[in-house]
Number of protein chains: 2
Amino acid sequence: MSAPAEPTPARLRAIPSRLIAGVAVVADRLVGERLAAEGARKWHFAVLAVLAESGPASQAELSRRTGIYRSDMVAVLNELADAGCVRREADTADRRRNVVTLTAAGRRRLERLDTLVADAQREILAPLTPAEQHELTRLLTLLTDHHRPPHPHPRDAG
Amino acid sequence: MSAPAEPTPARLRAIPSRLIAGVAVVADRLVGERLAAEGARKWHFAVLAVLAESGPASQAELSRRTGIYRSDMVAVLNELADAGCVRREADTADRRRNVVTLTAAGRRRLERLDTLVADAQREILAPLTPAEQHELTRLLTLLTDHHRPPHPHPRDAG
DNA sequence: GCCCAAACATTTGTGTCACTAACGAAGGTA
DNA sequence: TACCTTCGTTAGTGACACAAATGTTTGGGC
């Protein structure tokens, strides 16, 4: 009974969902480690990126666009606000809402985090040629577009 | 400020690690839902598959081959043993170890779960042509092979 | 033979993440 | 008015990855 050289049997390795999950773990770790070095998590980056691209938004809107649950958004915004990256003010037009606004400090922070995330992407995709990287992105986009809403509230879509 | 039709900004969508994570969530959900309908989780399937392919093994070996932590393996094997899918006996040759063996019931269960997992794979990859499915698998395999060991014990490989 | 380092199975605990349930406050509509 | 929904918030659940510590057992060096 000599120890086999291959740790994971071929049968399991060939299962796409396991393959994808494995790559996702690696990718998340690489991104997470870099962001953690700056005291950030991926959600901070996602929120800042959405604010920079689409302008001020309510928390519910940020939830939909980033994929973070409204419940979890609270803590993320608390942290971003504590760091001075965003302002959270009551919406005068609709007092149920908070208007979340990117600050100058937030914009600078996004710039920094953006670099880190981009570095991580490069490391993740390093073993692929540029053409392969593009193809992978294309295929993954096809999958996400097809499997759009897992089961979100149907009344959200316009 | 009309509500934009696109929930997620293009900038975030284009990030490979986010793309991968999104697909992984969808894939995990599709697999998980099917397995849950039979009261199983993916780890049950993984352990059964390894046992079927490589024969009886110690818990530590199963840990290495499935990727489950030794700590978590205990509960998984408890559940599989309670369901009569595996036998867990002390190894007479090395009494530190348990020998985990697939039972006839376990083999039948694996057959069933295998079908469910295969169905899920088909649904996940549905939007891709067979050639694209193959290419995606190839690219993901390249990535996993390159990013091999996060930090496993170096003395395992023989 | 004895001693020590390692492997093993196990328990317990931690942190992250996706997600649900429930609440009060506010708005829209009939 | 009453009703239903959205919003922000708190609290809690369950799966998962992982660390730390414990007790048992094994193998190697002496």
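Report the Cα centroid-to-centroid distance between region B:9-27 and region B:36-77 in angstrom, as an integer.
Cα centres, region B:9-27 to region B:36-77: 28 Å.
What is the set of long-range amide H partners of A:Val86 at a cut-off below 5 Å, with H atoms built 1.01 Å from backbone N?
A:Ala81, A:Thr103
Can you send over the carbon and sulfur percentage of the accessible area for the protein assembly as shown, probe radius 1.4 Å, protein chains only?
That fraction is 53 percent.
Counting other Cβ atoms within 10 Å of each Cβ, which chymotrypsin sites (Phe, Trp or Tyr not before Pro) in region A:43-74 have at most 15 and sit in a DSSP loop?
Values: sites: A:Trp43, A:Phe45, A:Tyr69; in loops: A:Tyr69.
Qualifying residues, ordered by number: A:Tyr69.
Whole Å is fine, so just give me how far the alpha carbon centre of region B:78-96 lies from that of region B:117-131.
35 Å
Ordered shortest first, which distances in nm separate the 7 Å Cα→C-beta label point of A:Glu132 from those of the other copies?
Once sorted, the set of distances for A:Glu132 reads 2.0 nm.
In whole Hz and in residue order, list the ³J(HN,Hα) couplings for region A:109-117 that follow from phi through the Karplus curve 6.51 cos²θ - 1.76 cosθ + 1.60, θ = phi - 60°; x for Gly and Pro.
These are the phi-based 3J(HN,Hα) values: 5, 4, 4, 5, 5, 4, 4, 4, 5 Hz.
Could you give log10 I(q)/I(0) at q = 0.14, 0.19, 0.20, 0.21 Å⁻¹ for region B:40-146, computed by the Debye formula over C-alpha point scatterers of equal weight, without solvent?
Those come out to -0.64, -0.97, -1.03, -1.08, one per q.
Distances from B:Ala36 to the same position in the other copies: list them in nm, one decimal, shortest first, using label points 7 Å from Cα along Cα→Cβ.
2.8
Considering only DSSP states other than H, G, I, E and B, which trypsin sites (Lys or Arg not before Pro) in region B:62-106 qualify as loop sites with at most 10 other Cβ atoms within 10 Å?
B:Arg95, B:Arg96
Kindly state, to the nearest 0.05, the FRET efficiency for A:Glu132 paired with B:Glu132, given R0 = 22 Å and r defined as their beta-carbon distance.
So, using R0 = 22 Å, E works out to roughly 0.95.
How high is the relative contact order of region B:40-146? Use alpha-carbon pairs under 8 Å, at least six apart in sequence, and give a whole percent. It would help to have the intermediate numbers written out before the result.
Values: 89 pairs, mean separation 26.0, N = 107.
It rounds to 24 percent for region B:40-146.
Please list the non-local residues whose amide H lies under 5 Å from the amide H of A:Val99, H modeled 1.01 Å from N, same-chain partners needing a gap of 5 or more.
A:Glu89, A:Ala90, A:Asp91
Hey, for A:Arg112 with labels 7 Å out along Cα-Cβ, what do the inter-copy distances come to in nm, ordered shortest first?
5.4
With a 1.4 Å probe and every protein chain left in place, tell me how much accessible area B:Asp114 has, in Å² to the nearest 10.
Here the residue's solvent-accessible area equals roughly 50 Å².
Using a 1.4 Å probe and counting only protein heavy atoms, how much accessible surface gets buried when B and A come together, both sides summed, in Å² to the nearest 100?
Roughly 5400 Å².
How many Cβ atoms of partner chains, on average, are near each residue of A:95-101 if near means within 10 Å of its Cβ?
If you average over the peptide's residues, the count of other-chain Cβ atoms is 0.
Label B:Asp94 and B:Ser54 with points 7 Å out from Cα along Cα→Cβ: what is the distance between them in nm?
The modelled label-to-label distance comes out at 1.2 nm.
Taking the axis about which chain A rotates onto chain B, which residue of A lies nearest it as judged by Cβ position, and how many whole Å separate them?
Residue and rounded Å distance to the axis: A:Ala24, 2.
The values are calculated or read from the model by the stated rules, or taken from the named source; none is laboratory data. All values derive from a computational prediction rather than experimental measurement. Reconstructed Cβ throughout: ideal geometry from the backbone, glycine too, with neighbour counts over all protein chains shown. Only protein heavy atoms, including side chains, enter the accessible area calculation; ligands, DNA and RNA are left aside. Shrake-Rupley method; radii C 1.70, N 1.55, O 1.52, S 1.80 Å.
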